[in-house]
Amino acid sequence: MVQTKAERIKNTLRRTRERRKHQIPRVYQLKLQNLSKKDEEKLNRLFLEAKWFYNCIVADIENRLSGNTWKLKEVEIKTPEGLEKREIKQLSSHMRQGIVERIKRSLYSLKKAKEKGIKVGKLSFKSEVRSIPLKQYGTTYKISGDKNRVKIQGIKKKFRVLGLHQIPKSAELAEAQLVKKPSGYYLHVVCYLPKKEVLKEIKEKQVKEPVGIDLGIKHQLTLSNGEKFSWYIPETERLKKLQKELSRKQKGSKRYQKIKEKIRREWEYINNKRRDVQSKVISYLKKFLLIAVQDDNIKGWKEGYFGKQIQNTGIGGITARLRSLATLIPVVFVDRYEPTTQVCSFCGNRQKISLSERTFKCQKCGVEIDRDVNSARNVLRVALSRLADPLKSALPVDCGEVTPVEWVYSPR
Ligand SMILES: [Zn+2]
C-alpha cells in the first residue's frame, strides 16, 4: 500500500505517542567546548538572528505569526538611525519554525492567564534571545557519541561537547535547545528513558514507608520520620561588590556592560548551587513509597517577612519539582488550610501553639515532639486518610509491589 506524505507523518506521530507512554523525559545539559573565536562569532550571530527574527514577528504579530513568515530571508530591525534590513543566513528554517511555535505557545498562555482574570500585557520585544529551539533530532542537531561531537544545523563545524556520558544508552533523543549562558554555550537535550528502567532504579533503593513533609523557614524540609534538611546559599560577597560597582558606572557604557555580564555570571553560579541542593534533596525523597506535602503558600512567605531567607534557599522550586516527581512515585498534596501545626499527631487533640514554641507539648496525651516533625506527621496522616476514599485502590496494598501511579492528588 502506498502512503501519502501526510499519512506517513501521522503514523510516525502515532507511533511516537505510543512509545512515550512507556518513557520518562529527562533533560541533560551538554557544554560546548573548545570554542574558537570564529565559533563564538558564528554562535553569536545565530542568537542575534534569532532575536531579529523574534522581534520582527512580535512587531506585527497579527500578520506575521501565520503564513510564511518563517521563510523570511530578510528582516527589518529598528536602529537609532531608523529601520534597517538584516539578512537571516544562519538561522535555519526549522529553527525559525521553532521560534514561531514558541511565540504561539506564549500567546496561548497569556490568553489562559487572562481568562483566569490575571492582568497580562502583550508580548514585548527582546533585547536578547537566550535559547534557540532545535526541534527534530537528526535534522536541527545530531550527536555522534563516539567522538563526543555535536552538529548543529547550518554550522559546518562539529562542536566538542562535555557531558555525553550522563545520557544512558537506552535513551531516545528528542528535541533540544541551544542555550547561551554567561559561562558559555550549552545544549539542553530532552531524552526519553524507558520507564521500566527508571522505575527499577528507584525500586532498588526504595524503603517501604510513606513520608510526610513539612516545608519551613528554619529547616526547609522536615520529614515525618524526624529527618531535617536545611540549606542556605546567600548572595555572594562578590555579587554585592559587583552591584555596587555597577551603580557607579554610566548606564550603557562599555564598562557598565562588562560588569553586567560579570553579574549575570555570578547569578548563574549562585543559582546552580541552589538547584544542585534541590536536586539532591529530591533525589533522596525518591526512595519513599509515597510523599505527602502541604501545598504551602511559598509565594505568600516570599512577600512577607521571610522574603530574603526564602530566596536564599531556593525552596520555591521544591513544590514544582515534587509535582514532576509525581510521574514516578505517588505525591499527595494536602490543602494548605488543613490544620497541621496545632494538632497532636499522636492523639489528635487540637491546641494553640505560638510561632516561637519549637516543641509541641500535648495537653491531652502528654507527648512532647518537635514542632515541625509533628506537622510533617500530620501532613502524612491527612494524606493517607484522603486516600481512604476512591483513590485508595490506586495505592498498592502490598507495599513491596509498588506500581507507581501517575497522579497528583490535589484537593482543589
Ligand atoms: Zn496528644
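Exactly one residue out of ILE77, ILE24, ILE99 is in contact with a strand residue (DSSP E or B) (Cβ under 9 Å, 6 or more places away or on another chain), at pLDDT below 90 and under 21 Å from GLU175 (Cα atoms): that is ILE24. Annotation note: of VAL277, VAL207, the sole residue that is of a type in the set (A, V, I, L, M), in contact (Cβ under 8 Å) with a residue 24 or more places away in the chain and buried (at least 17 other Cβ atoms within 10 Å of the Cβ) is VAL277. Here GLY226, GLY212 are screened, and the one residue that is outside the structural domain of GLU128 (by TED's automatic domain parsing), at pLDDT 90 or above, in a strand (DSSP E or B) and not charged (D, E, K, R) is GLY212. When ARG96 is tested against (1) touching a Leu at 6+ places or on another chain (Cβ under 7 Å); (2) open to solvent by less than 60 Å² (accessible area, probe 1.4 Å); (3) in contact (Cβ under 8 Å) with a residue 40 or more places away in the chain, just one condition goes unmet, and that condition is (1).
The single condition among (1) in contact (Cβ under 8 Å) with a residue 12 or more places away in the chain; (2) out of contact with any Pro (no Cβ under 7 Å at 6 or more places or on another chain) that LYS147 does not meet is (1). Restricting the stretch 229-252 to residues that are out of contact with any helix residue (DSSP H, G or I) (no Cβ under 8 Å at 6 or more places or on another chain) and at pLDDT 90 or above leaves a set whose member that is most open to solvent (accessible area, probe 1.4 Å) is ARG248.
Total residues in the stretch 41-92 satisfying the condition of being open to solvent by less than 60 Å² (accessible area, probe 1.4 Å) and either within 30 Å of SER183 (Cβ to Cβ) or of a type in the set (Asp, Glu) (or both): the figure is 21. May I ask you to verify whether LEU199 is crowded, with 17+ Cβ neighbours inside 10 Å, part of a helix (DSSP H, G or I) and touching a residue at least 60 places away in the same chain (Cβ under 8 Å)? Yes: the conditions hold for LEU199.
When the stretch 345-390 is filtered for residues that are touching a helix residue (DSSP H, G or I) at 6+ places or on another chain (Cβ under 7 Å) and within 9 Å of the ligand (Cβ to nearest atom), the ones remaining, listed by number, are SER345, PHE360. Beta carbons closer than 6 Å, at least 6 apart along the sequence or on distinct chains, pair a first residue in the stretch 253-268 that is at pLDDT 90 or above with a second that is in a helix (DSSP H, G or I) and open to solvent by 80 Å² or more (accessible area, probe 1.4 Å) for GLU266/ARG238. Suppose the filter is touching a residue at least 24 places away in the same chain (Cβ under 8 Å) and over 29 Å from the mean Cα position of the chain (by Cα); does ARG45 pass it? So ARG45 fails the test.
Per the listing THR359, THR327, THR341, the residue uniquely modelled with pLDDT under 85 and either surrounded by 15 or more Cβ atoms within 10 Å (Cβ to Cβ) or within 19 Å of LYS218 (Cα to Cα) (or both) is THR327.
The values are calculated or read from the model by the stated rules, or taken from the named source; none is laboratory data. Model, not experiment: these values are computed from the prediction. Please note: Cβ atoms are built from the backbone with ideal geometry, for glycine as well, and neighbour counts cover all protein chains shown. Protein only, heavy atoms only, side chains kept; ligands, DNA and RNA dropped before computing areas. Shrake-Rupley method; radii C 1.70, N 1.55, O 1.52, S 1.80 Å.
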